[in-house]
1. Report the convex hull volume per residue for the stretch 170-313, counting only C-alpha atoms, in Å³.
2. For a label point 7 Å from the Cα of residue 284 along Cα→C-beta, name the residues of the stretch 228-252 whose backbone N is under 15 Å from it.
3. Debye sum, Cα scatterers, the stretch 46-171, no solvent: what log₁₀ I/I(0) at q = 0.19 1/Å?
4. Treat each spin label as a single point 7 Å out from the Cα along the C-beta direction, and report the residue 161 to residue 266 distance in nm.
5. At 20 °C and 1.002 mPa s, what whole-number value in µm²/s does Stokes-Einstein give for the translational diffusion of the stretch 247-291, with Rh from the Kirkwood sum over Cα pairs?
6. Which residues' amide hydrogens lie under 5 Å from the amide hydrogen of residue 218, considering only partners 5 or more residues apart or on another chain, with H built in the peptide plane?
7. Kindly report, to the nearest 10 Å², the accessible surface of residue 297 as traced by a 1.4 Å probe over protein heavy atoms only.
8. Give me a comma-separated list of calculated 3J(HN,Hα) values for the stretch 215-220, in order, Karplus coefficients 6.51, -1.76, 1.60 applied at θ = phi - 60°, integers in Hz, x for any Gly or Pro.
Amino acid sequence: MSRTNRGVTRDRQVCRSHGVTGVLVEPRGGSERAVVVLGGSEGGMHERDAVALAEEGFTALALAYFGAHDVPPVLVDVPLEYFTRALDLLESRGFGPGSIGLLGGSRGGEAALLVGSRDERVGSVVSVVGSGVVTQGIDYRAGRLDRILRTPGPAWTVGGEPVPFLPYAVSPELVDLIERHEPVALRDAFAPLPTDPAELDRVSIPVERIRGGVLLVSAADDQMWDSTGYSAVAAERLRRAQHPYPWAHVILPDVGHMIAGPPGGAFTTSLGPGPGVTFRHGGEPVLTTYARKETWSRTTGFLRYTLPRDEPA
């Protein structure tokens, strides 16, 4: 059933009828552009983001892919085929190939690049503090952070088979910080990027297959993971392939991980809660607050510019 407020309509039933968990938010006047919104490792759906996009003239689908009703409870073994249903939904609403974008933050940015590389209906992808490298799953049922990191499992599958990923690497120093209840930088829990080109290629996302624009936004002081280095992997693939659609990798200096999503209140700390730990997000709170506003403006501008897709000459 739909409900209307602030000039937009919200419809959950249409999502259920297409076998996805989410909410479709549409501007009253309609739109020629649609965007699927993907949250990060917190799970659930980002309805506020979808409403903010609809208020700017986009049709937006806030899609939950784990941590909500009728989807996996944790970020493990999430089938990429599930995201195809979200694109099917938008296509059924009249959005043709090239008029659908993907917007993801953090692990959602990783998902957005993966899905965009697999479906030609996607005309634009924005990955905010995301990754051009596939990373390990997150099974919160394991308990404390170090136990989660030591629980093997892929985040994504295709045809029931795991998508190769960069694993976690739990050091004694990280465990010691957890034991002493000190803030931890999750980026220290990831294995280094492979130096062997074949191995790096194995865990990298083939972003050059995205048939549309690609915007990568990373934070230079991201302490949750190396969004700058991981996004640089994607940027290098686009550069080598001479990607014919608009693309950019924007690196924001002196800011931390929390720059995805529409602007809200001011950040007063660069720390946040985690499973049995306190996470360091990185960055100066004032600069991160400003960067979030800047990133949202870049995001909406890029989506407006690249949707619907213009084919290169």
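1. Values: hull volume 18.2 nm³, N = 144.
Residue-normalised Cα hull volume stands at 127 Å³.
2. 252
3. Values returned for q = 0.19 Å⁻¹ are -1.12.
4. Result for the modelled spin labels: 5.3 nm.
5. Numbers: Rh = 11.4 Å.
In µm²/s, the coefficient is 188.
6. Residues meeting the criterion, in which the H sits 1.01 Å from N, are 129, 250, 251, 252.
7. Number for this one is 70 Å².
8. 10, 10, 10, 10, 10, 5
The values are calculated or read from the model by the stated rules, or taken from the named source; none is laboratory data. Treat the numbers as computed from the prediction; the structure is a model and nothing was measured. Here the Cβ is made from the backbone with ideal geometry for all residues, glycine too, and neighbour counts use every protein chain on show. The accessibility values were calculated without ligands, DNA or RNA, using every heavy atom of the protein model including side chains. Shrake-Rupley method; radii C 1.70, N 1.55, O 1.52, S 1.80 Å.
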